[in-house]
Amino acid sequence: MADSSSKKPPAGSEEGAGESSEPLLPRGLDVLWGKRDRGHRGPKPGLTVDAIVDAAMAIADAGGLEAVSMASVAKRLGFTTMSLYRYVTNKDELLQLMWNGSAQGAESLVLTGEGWRERLRDWSVIQRDMLDRHPWITHMPMASPPMAPNSLVFVEHGLEALDDTGLTDTEKIRVIGLLSSYTLSEARMADDARRAAEAAPESQSPPVSFESILRLLVDEANYPRLHRLAWAAAEVDEPQDERAEFLSGIDCILDGVQALVERRA
């Protein structure tokens, strides 16, 4: 009797394919990176993946991420919902495509400024501007870093700005992640405040500042530092500008990066 252990599946057979195959990309990313066809059924005349993504982004820009569904996108395009499934598997895949679409043009991005600090500041401002144009991005699931092609091109530009700093690659990606997290958080809070103001009844008083609330709550004896902060703000005539506060935070982060670069020099 022949030894069964000597029988190997032929090259390319399904039985042996799984052992050496590369890890599978999550659905959505496999489409963006060309690892899966964009549909196994026949195409619907007049409908494309790009048209679907553009329609979904337009809906999200106008009504938020909660307004996006396969049905709402199909209605905007004038097709049936089932027509979309020839191109996009489900809403999760659509969200991946939307995220990639929001960073369209990243491949031609040119950072301005002299030195790594000015270029990285410009990189952060560009990211914030994109989030302000598409605030629904701040409400998307964040289980893992964005891995769409356009997103990674944008990250590559940020890393390039740090080329001459002497930082390690790990330190560079940490800086990029810190700036992105701060920018995303600030954009989310700004969008939440805008949405709350739009939803408030006209009879409701405009929202008060953090410092104004502090002046009602803290006394100098128990909260000397917060008391000083609250009443110092009361002496400023002009209201705080959210954009200026955001840039001040970016500069604070870059101050820390500057100190790290100098330690590495």
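Just so you know, all these numbers are worked out from the coordinates, no wet-lab data involved. Just so you know, these numbers come straight off a predicted model, no measurement behind them. Cβ sites come from the backbone with ideal geometry, for glycine too, and all protein chains shown count toward neighbours.
For segment 110-219, GluC sites (Glu not before Pro) meeting the loop criterion (DSSP other than H, G, I, E, B) and having at most 11 other Cβ atoms within 10 Å: Glu114, Glu202. Using R₀ = 30 Å, calculate the FRET efficiency as 1/(1 + (r/R₀)^6) where r is the Cβ-Cβ separation of Thr80 and Asp132; round to 0.05. After rounding, the FRET efficiency stands at 0.30. Cβ crowding within 10 Å ranks Phe246, Phe154 as Phe246, Phe154, fewest other Cβ atoms first. Based on Cα contacts under 8 Å between residues 6+ apart, segment 106-264 shows a relative contact order of 28 percent. Rounded to two decimals, the Cα-based Rg/Rh of segment 106-264, with Kirkwood Rh, is 1.04. Put in order of Cβ neighbour count within 10 Å, fewest first, the listed residues Phe79, Phe210 become Phe210, Phe79. For Glu118 and Arg194, the difference between the fully extended length at 0.36 nm per residue and the C-alpha to C-alpha distance is 24.4 nm.
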